[in-house]
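K.L.:
For reference, the structure I am asking about is given below.
Every number in this text was worked out from the coordinates using simple rules, so none of it is lab data. This structure is a prediction, so every number in the text was calculated from the model and none was measured. A quick note on method: Cβ atoms are made from the backbone with ideal geometry, for glycine too, and the neighbour counts reach across all protein chains shown.
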Amino acid sequence: MDRCVVLVDAGYLLGAAASLLAGEPARSRITVDHAALIQGLRQRAEADTERPLLRIYWFDGAPDRVPQPEHRRLRVMPRVTVRLGALTRSDGRWAQKGVDAAMHAELTELARNRACSDIVLVTGDGDLLPGLMSAKEHGVAVHLWAVQAADGDYNQSEDLVAEADERRVLDRTWITRAVRAKELGGPCAPPPVPRPEIAAILSAPLPESAVAAAAAAASPAGPDTADRTHQGTPANGVARPAAGAGGDQPSAGEPGTGGGRGVPTPKDLAGLGRDRAAGQSAAQAAGATLRWSSDKGWVERGGPLGEPDATAALPTLAQLTSAEQRWADREEDITAVSGDPFEVGQVFARRWTERLSDPVHLQQLSTEYPRIPHRIDGELLRYAARFGLLAHKDDQIDEHDRYAIRAGFWREVDLRTAAEHAPVGD
């Protein structure tokens, strides 16, 4: 077949690009326009091989092989196939597992089946040498592409370079069409402090009733634990969000989301909580107390199953969504949602609030701040899990993502509530 195929080792391509542009191989130091990068690879491959493109294979690692937002966008692009290996952490460093083997298998299979006449390899790993030699034996021309090395030297296996039929270097000019370095402290860098909404939720104090319950439940751990609990912090010294990571929905005996009933000021929340003070006072009067923790024995709720009657009837997003809307939501998730935890919470809340037929439901939810009713919260966390959030990192659940997801949810709800109360213009 007179066609070309491109096999991309994303770890090599983006790591080498980061070294070239940012001075270190950390992919977190660069931003990538994946659409422009794929288009550039296609045009360069067709020009170099003088063959039409059959397909671009994108090989990368991901925690537990769960597609990350960039993988979700890549795999719906025309002529792009994503293959994922595992991403594991050892001795403080991330390492790909299974990527080289997958590339080797794809390379030899394409050549054996004569699916193409030319194969472009974007990699530097010498482990692919046997596959490269096998492809040549089947009559396939192998083109090896390198990313310009930061120090002007090779960043590829010399044996791989020696066996390739053709070799090209993707220089700085070509790379910067789709990749750029993040400026330290600039708009692309992570914020130095948490968003005000997250900080406000984290700092919300426990009500006196929760403090008393904490002291009563902490007897086996000793007075030190009780003292820390009285300060509104779990015994390990870290405020923790509720259970329900990934696809798990919190149980009736655990808070769907937490936070004390103390209300941060509107200035601290940058506008959050227009009508929530009254709702929180009513909840306290009903004896509903919650905290940011999945520890058992810390929750007192009304209702037959632990959910207050007013919020037990709130519809879930799935109940509000038609088949057509569900399809459109998936398209938006793949093409437009970046996967930032705060944004994920906003997107979920926007869809939920826009599809409500009864505005009373929005008011009922708003008065529950900062607690999200557990049915809706479980659905929110399952939605976030699609983007690879809430996954295990270093054997610990990333709790900051939970705070950010819920803070984004409440930010959007607050905006919608404010719009409902906005005065009509003259």
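K.L.:
Just grab the label-to-label distance for E354 and L415, each label 7 Å out from Cα along the Cβ direction, in nm (one decimal).
P.N.:
1.1 nm
K.L.:
Could you tell me which of rounded, prolate or oblate describes the range 4-181, using a ≥ b ≥ c as the square roots of the eigenvalues of the alpha-carbon gyration tensor, with rounded for a/c under 1.5 and, failing that, prolate when a/b is larger than b/c and oblate otherwise?
P.N.:
rounded
K.L.:
Right, here's the next one. Estimate the FRET efficiency between A26 and D2 by the formula 1/(1 + (r/R0)^6), using the beta-carbon distance for r and 41 Å for R0, to the nearest 0.05.
P.N.:
Efficiency, rounded to the nearest 0.05: 0.55.
K.L.:
Compute the distance in nm between two label points, each set 7 Å from the Cα along the Cα-to-Cβ direction, one at R65 and one at E324.
P.N.:
Output for this residue pair reads 3.8 nm.
K.L.:
Here is a follow-up. About the Cα centre of the range 93-180, how large is the charge dipole given +1 on each Lys and Arg Cβ and -1 on each Asp and Glu Cβ? Please answer in debye to the nearest 20.
P.N.:
About 440 debye.
K.L.:
With a/c under 1.5 counting as rounded, go ahead and sort the range 1-88 into rounded, prolate or oblate using the C-alpha gyration tensor (a ≥ b ≥ c being the square roots of the eigenvalues; past the cut-off, prolate if a/b is larger than b/c, else oblate).
P.N.:
Taking the square roots of the gyration eigenvalues as a ≥ b ≥ c, the range 1-88 is oblate.
K.L.:
With only Lys, Arg, Asp and Glu charged, each at its Cβ (+1 for the first two, -1 for the last two), find how big the charge dipole of the range 4-181 is about the Cα centre; round to the nearest 20 debye.
P.N.:
So the dipole magnitude of the range 4-181 works out to roughly 880 debye.
K.L.:
Hey, what did the range 4-181 get for relative contact order, percent, Cα under 8 Å, at least 6 apart?
P.N.:
27 percent
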